[in-house]
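Participant: Quick one: structure below, then a few questions.
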Amino acid sequence: MHFSCDLLDQSVEHAGRVVALDLLDAAAKARKRLDDPEDAEALHDFRVGVRRLRTWLRALRPWLGDDTPKKARRRLRRTARLTGESRDAEVHQEWLEGERHGLNNRQRYGHECLMEQIEQEKKKSDHRVATKGTRAFDRAEAALSRKLRSYRVDIEDSGEETPRSFAVEMAQLIRAHGAKLSACLAQVQTFGDAKEGHQARITGKRLRYLVEVVAECVSGGDRLVTELSELQDSLGDWHDATVFSATIASAGERKSAKRGHDANPGTRVLAKRLEKRGRSAFVKVKDRWCDTNAFQPQVEAIAEELSAHGGHGTEIERKYLLATLPELPNDAAMVEIDQGYIPGSRVLERLRRVRMAGNAKRYVRTFKSGKGLVRTEIEEPVPKTLFNRMWPLTEGARLHKRRYTVPDDGHTWQVDEFLDRDLVLAEVELHSADEKVQMPPWLASVLVRDVTDDSEFSNASLASGDHSSG
């Protein structure tokens with residue numbers, strides 16, 4: 001995929017539709033290739049095209065609104081499910097074809113039984129894709145193609161800031177999906193955590209599809225896409241081993257009973273090979289990605305570059321005082337932050353050192369102006385050497401806190417547990433100043449009050465003890 005970097009400067013409403021229509025067109029082209037029986041890659045490309053499109057429509061729903069009708073989204077979901085069944089059968093068939101080598105005559109009977117079963121399943125799945133799947137997609141495409149080509153903008157002389165750029169919103173989306181991936185990978189501890197591994201695979205895939213849109217416009221974008229693809233492949237091998245091994249075992253029993261021959265010697269060998277493959281994939285995932293949390297620094301670097309590209313970004317946030325640290329969802333990601341403020345009267349300059357899992361660190365310099373709900377913010381990464389030279393300037397105006405990031409219904413909640421005082425705050429970034437906040441249940445139970453306009457709870461005031469700070 002190739003998207004113009006000029007889109008980063010467009011409004012998210014405009015750019016989001018441009019990308020959505022491009023993804024819709026790519027999926028439609030792959031769908032037409034399904035009619036060619038000689039096109040071996042058509043099904044794979046169609047399936048990926050539909051998944052990319054669904055990920056985009058889900059992530060950009062706050063800005064696409066009614067232009068992504070519920071019925072169209074349901075039809076895309078059905079298409080994805082049907083193509084998934086067919087593609088899984090294809091993958092299993094390819095694996096089995098490569099495993100015939102090394103089997104004796106007695107074991108090959110079980111292999112032949114499995115090949116026969118998978119071939120039958122694939123024919124049925126392909127037929128469902130060719131009929132129900134394509135029909136559902138064609139109807140969804142017709143609706144989305146019509147709806148996404150135009151949108152309405154109400155222009156008022158209200159004096160408010162212009163809408164934030166696509167770059168700034170993409171930074172938030174990528175950061176939120178990256179935090180969720182880190183949380184999912186943290187749940188993977190043993191080979192038996194297959195469900196957690198599968199959730200990490202889905203989350204990583206969605207993050208990859210978002211990064212692909214801006215990969216050519218940011219440093220390290222292509223590298224992150226490649227590594228996320230490798231993670232997806234390894235998690236896929238592990239998932240297949242878990243799911244397909246059960247299919248192999250049950251198939252052996254059915255074929256033995258039906259034909260009076262013993263298919264189990266072959267199926268047992270294949271099941272062992274599959275488990276070995278799955279365990280090898282799990283070890284790779286655990287050692288390379290789970291224990292090191294390798295993605296978070298890359299995700300943060302890309303998000304920061306996108307934020308900086310957005311220039312004077314308008315930050316629209318609400319802040320809440322909490323009675324205590326809430327019982328956080330499983331997908332919450334955590335970092336530890338040292339934060340300090342450099343003395344100044346008109347512009348607030350902040351330094352931040354962020355410690356992530358695996359002891360990785362990143363250093364950020366931020367300039368802020370304005371107070372309350374809507375503020376201007378410019379953020380940029382800085383090298384460690386510059387941070388160390390400037391950090392002494394923040395003496396007497398510092399904070400130490402643990403931050404939990406939780407994606408929720410198109411927004412990202414940040415819960416700060418202060419480690420240098422008895423205080424817990426929550427923040428959420430909004431899409432507009434008049435947007436109504438939907439408080440998630442896990443947070444509502446410990447809510448005390450809204451402190452957005454209370455200068456006492458600004459980070460700069462907390463750091464210095466000066467309640468007049470912004």
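The values are calculated or read from the model by the stated rules, or taken from the named source; none is laboratory data. Here the structure is a predicted model, which is why all the values come from computation and not from measurement. Quick reminder, even Gly has a Cβ in these numbers, built from the backbone with ideal geometry, and neighbours come from all protein chains shown.
Participant: Regarding R146, is this residue modelled with pLDDT under 85, under 32 Å from the mean Cα position of the chain (by Cα), more than 30 Å from E305 (Cβ to Cβ) and basic (K, R)? Steps first, answer last, please.
Facilitator: Working: modelled with pLDDT under 85: no; under 32 Å from the mean Cα position of the chain (by Cα): yes; more than 30 Å from E305 (Cβ to Cβ): yes; basic (K, R): yes.
Spelling it out, it is not the case that R146 is modelled with pLDDT under 85, under 32 Å from the mean Cα position of the chain (by Cα), more than 30 Å from E305 (Cβ to Cβ) and basic (K, R).
Participant: Quick check on segment 26-51: of everything there that is among the hydrophobic types (A, V, I, L, M, F, W, C) and not in a helix (DSSP H, G or I), which residue is nearest to A89 (Cα to Cα)? Steps first, answer last, please.
Facilitator: At the first step, the residues of segment 26-51 found to be among the hydrophobic types (A, V, I, L, M, F, W, C) are 26-28, 30, 34, 40, 42-43, 46, 48, 50.
Still in the list and also not in a helix (DSSP H, G or I): 34, 40.
On the way: L34: 16, A40: 14 Å.
The residue in question is A40.
Participant: Looking for something part of a helix (DSSP H, G or I), under 20 Å from the mean Cα position of the chain (by Cα) and in the same structural domain as E275 (by TED's automatic domain parsing) - is there at least one such residue anywhere in segment 81-99?
Facilitator: Of the residues in segment 81-99, the ones part of a helix (DSSP H, G or I) are 81-98.
Next, only the ones that are under 20 Å from the mean Cα position of the chain (by Cα) stay: 81, 84.
Subsequent filtering for residues that are in the same structural domain as E275 (by TED's automatic domain parsing) retains 81, 84.
Yes, some residue in segment 81-99 is part of a helix (DSSP H, G or I), under 20 Å from the mean Cα position of the chain (by Cα) and in the same structural domain as E275 (by TED's automatic domain parsing).
Participant: Let me ask something else. Considering every residue within segment 443-450, establish whether at least one is among the basic types (K, R), assigned to a loop (DSSP other than H, G, I, E, B) and either modelled with pLDDT under 85 or not assigned by TED's automatic domain parsing to the domain that holds K180 (or both). It would help to see each step written out before you state the result.
Facilitator: Taking segment 443-450 first, the residues among the basic types (K, R) are 449.
With the extra rule that they be assigned to a loop (DSSP other than H, G, I, E, B), the set shrinks to none.
No, that holds for no residue.
Participant: Taking the residues in segment 401-444 that are farther than 30 Å from G65 by Cβ and surrounded by fewer than 15 Cβ atoms within 10 Å (Cβ to Cβ) as candidates, determine which candidate is nearest to the chain's Cα centre (by Cα). Let's see the steps before the verdict.
Facilitator: Step one: list which residues in segment 401-444 are farther than 30 Å from G65 by Cβ, which gives 401-403, 416-425.
Then drop every residue that is not surrounded by fewer than 15 Cβ atoms within 10 Å (Cβ to Cβ), which leaves 419-422.
On the way: L419: 29, D420: 32, R421: 33, D422: 33 Å.
Only one residue tops the list, namely L419.
Participant: In this structure, does E38 turn out to be in the same structural domain as K132 (by TED's automatic domain parsing) and under 24 Å from H431 (Cα atoms)? I'd like the intermediate steps shown before the answer.
Facilitator: On the way: in the same structural domain as K132 (by TED's automatic domain parsing): yes; under 24 Å from H431 (Cα atoms): no.
No: the conditions fail for E38.
Participant: Looking at R74, is it in contact (Cβ under 8 Å) with a residue 24 or more places away in the chain and basic (K, R)? Talk me through it step by step, then tell me what you get.
Facilitator: Values: in contact (Cβ under 8 Å) with a residue 24 or more places away in the chain: no; basic (K, R): yes.
The answer is no for R74.
Participant: Something else: Scan (1) within 23 Å of P407 (Cβ to Cβ); (2) within 19 Å of the chain's Cα centre (by Cα) for the single condition G49 breaks and write down its number.
Facilitator: Exception for G49: condition (1).
Participant: In addition: Might you let me know whether segment 193-202 holds any residue that is modelled with pLDDT of 90 or more, among the basic types (K, R), under 15 Å from the mean Cα position of the chain (by Cα) and buried (at least 18 other Cβ atoms within 10 Å of the Cβ)?
Facilitator: Yes, segment 193-202 has at least one match.
Participant: Do we find that D126 is in the same structural domain as D237 (by TED's automatic domain parsing), crowded, with 17+ Cβ neighbours inside 10 Å and within 30 Å of L270 (Cα to Cα) in this structure? Show your work before the answer.
Facilitator: On the way: in the same structural domain as D237 (by TED's automatic domain parsing): yes; crowded, with 17+ Cβ neighbours inside 10 Å: yes; within 30 Å of L270 (Cα to Cα): yes.
Yes: the conditions hold for D126.
Participant: Now for a different question. Take the conditions at pLDDT 75 or above, of a type in the set (V, I, T) and touching an Asp or Glu at 6+ places or on another chain (Cβ under 7 Å) and apply them to V269. Does it pass? Let's see the steps before the verdict.
Facilitator: Numbers: at pLDDT 75 or above: yes; of a type in the set (V, I, T): yes; touching an Asp or Glu at 6+ places or on another chain (Cβ under 7 Å): no.
So V269 fails the test.
Participant: Which one of the conditions (1) in a helix (DSSP H, G or I); (2) hydrophobic (A, V, I, L, M, F, W, C); (3) under 26 Å from S280 (Cα atoms); (4) in contact with a helix residue (DSSP H, G or I) (Cβ under 8 Å, 6 or more places away or on another chain) does I202 fail to meet, given that it meets all the rest?
Facilitator: Of everything listed in (1) in a helix (DSSP H, G or I); (2) hydrophobic (A, V, I, L, M, F, W, C); (3) under 26 Å from S280 (Cα atoms); (4) in contact with a helix residue (DSSP H, G or I) (Cβ under 8 Å, 6 or more places away or on another chain), I202 misses just condition (4).
Participant: Among the residues that make up segment 166-174, is at least one of them at pLDDT below 90 and not hydrophobic (A, V, I, L, M, F, W, C)?
Facilitator: Yes, segment 166-174 has at least one match.
Okay, residues lined up against (1) at pLDDT 95 or above; (2) in contact with a Gly (Cβ under 6 Å, 6 or more places away or on another chain); (3) within 22 Å of A176 (Cβ to Cβ); (4) among the polar types (S, T, N, Q):
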site	(1), (2), (3), (4)
A15	no, no, yes, no
R33	no, no, no, no
A42	no, no, no, no
W63	no, yes, yes, no
H101	no, no, no, no
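Participant: Now a separate question. So T131 clears everything in (1) surrounded by fewer than 17 Cβ atoms within 10 Å (Cβ to Cβ); (2) out of contact with any helix residue (DSSP H, G or I) (no Cβ under 6 Å at 6 or more places or on another chain); (3) closer than 24 Å to A241 by Cβ except one condition, right? Which one?
Facilitator: (3)
Participant: Here is a follow-up. What number of residues within segment 1-45 are free of Cβ contacts under 8 Å to residues at least 60 places away in the same chain, within 22 Å of the chain's Cα centre (by Cα) and under 19 Å from R208 (Cβ atoms)?
Facilitator: 5
Participant: Now for a separate question. Just to check your reading of the model, which residue among A263, A257 is at pLDDT below 85 and crowded, with 19+ Cβ neighbours inside 10 Å?
Facilitator: Going through A263, A257 in turn, the sole match is A263.
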